[in-house]
Every structure is written in structure tokens, then in C-alpha cells.
Amino acid sequence: MTTATNTERVRTVDMKLEVIVIPVSDVDRAKNFYGSLGWRLDADFAGSDDYRGIQFTPPGSGASVIFGTNVTAAPPGSAQGLYLIVSDIQAARDELLGRGVEISEVFHDGGDVHAGADEPYLFGRLRVGGPDPERRSYRSYASFSDPDGNGWLLQEVTARLPGRVDMDATTFTSPTELASALRRAEAAHGEYEKRIGRRDEDWPIWYAEYIFREQAGEALPS
């Protein structure tokens, strides 16, 4: 498998994915649903030939979704596997539950065992209840659908794989995301202090290094 760590890094023209089109059957119903998620309404505009486009952006996202009338010929509900990356899967699920969204329990990947009658995701592999036992990054999920059946998947990512984050552009998109990173740094630093047998006076530097390296997908301090 080719990864960002073994491909040549050559600066090219930026190509930023900013819009994903989702097919819906009832535009106003979809607008109410995505508004109820707490997503930002960016636009609701109409044009000639019965065209209407609505754009929403999830909190902290650099990409938006667009739906409407005469926006796409795809069948309503055919958009599946739309990922929403979160730093705390349980907190994200609880927030959506509080907004009245029907969302699955948190689950993790059961490996290559096929799911049979289980609702498919990630090529139909088995869902196992609860977050990943080791709480590894990329391994815990929860799913929900919009009224048309377009399928969304929450995925917990706490540490990026190497090469996935520009070292000069590490950033946090919300206080909650930063707080989660601080909690992980606190837990790791507690183990570090046990190993050295004393209080670390330079803990702010250790925290900063841990958080920076975790987000950039580099080896963590030990």
C-alpha cells in the first residue's frame, strides 16, 4: 500500500475538497434535518429552471454539503459512507442524541469477518459493540442516516497516521477537540512521571510536544 510516508513530497497547486453533493427527495425536510444537527447554513438560493441549492457546513469542517432541486441526478439516499471525523466518539454521539438524531451505538471493526445481515459499512465487515478496546485512532465508529437514507459515519481520530498532517499547520477546530488532546497528554504524562520517579517541572513543554506530535502522526514522547 502506498502511503504519504513513502511518496515523494513535491509541492503542487492546492486542490481543496470543499463541497460534497448529496441527493435528497424533499429539500425542505433535508434542510430541517441538517439544521437540527447544529451545522452552519451557508446558503439557500434559487435559480432558473426550478434550481435550488442549499449548503451546510459541519462544525470545524473545511468541506460542506450541498443538496437541492436539480442539483444531482443521483437517486435520493444513494450517498453512503460519508465520514465525519471526531476527536471523541462518545461525546459526538451524545450531542447528536441530544439533538434528536437516531444514531447507532458506538462500535468498532470486527475484522475481515463478513457481517451477514448486519447493516453494511466499510465493505460490510462485522460491527462489534463498543469502542475499540485499545481506543486506537481510526477504529471507533457510530452511524446515522438522514431522512432519505444517505449514510453518515462518525469516526474517532485522535492521532493521524504519519504524513497526514502538515507539520507547519497543526491546528484544533474547537475547544472540545483541544480538551480531548490535553486529557490524552495528561494521561501519558502521568505515566512518564511514574517512570522518572519525580514531578516534571517542564510539563508544559512535554504536553506541547505530545499534542503536536500526536496530531502530526509522529512518534510520541516517552
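Side notes on the structure shown:
- Restricting the range 198-219 to residues that are open to solvent by less than 70 Å² (accessible area, probe 1.4 Å) and farther than 20 Å from V157 by Cα, the residue that is farthest from the chain's Cα centre (by Cα) is D200.
Results for (1) open to solvent by 40 Å² or more (accessible area, probe 1.4 Å); (2) modelled with pLDDT of 90 or more; (3) farther than 19 Å from Y83 by Cα; (4) under 15 Å from the mean Cα position of the chain (by Cα), shown as yes or no for each residue.
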{"site": "R139", "(1), (2), (3), (4)": "yes, no, no, yes"}
{"site": "A142", "(1), (2), (3), (4)": "no, yes, no, yes"}
{"site": "N150", "(1), (2), (3), (4)": "no, yes, no, no"}
{"site": "T170", "(1), (2), (3), (4)": "yes, no, yes, no"}
{"site": "E177", "(1), (2), (3), (4)": "yes, no, no, yes"}
{"site": "G190", "(1), (2), (3), (4)": "no, no, yes, no"}
{"site": "P221", "(1), (2), (3), (4)": "no, no, yes, no"}
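- Test: R99 is at pLDDT 95 or above and under 21 Å from T176 (Cα atoms): yes
- Tally, over the range 42-87, of residues that are touching a helix residue (DSSP H, G or I) at 6+ places or on another chain (Cβ under 8 Å), more than 20 Å from Y141 (Cα to Cα) and buried (at least 17 other Cβ atoms within 10 Å of the Cβ): 5
The values are calculated or read from the model by the stated rules, or taken from the named source; none is laboratory data. Being a predicted model, the structure only gives us computed values, none of them experimental. Here Cβ is always computed from backbone atoms with ideal geometry, including for glycine, and neighbour counts include all displayed protein chains. Protein only, heavy atoms only, side chains kept; ligands, DNA and RNA dropped before computing areas. Shrake-Rupley method; radii C 1.70, N 1.55, O 1.52, S 1.80 Å.
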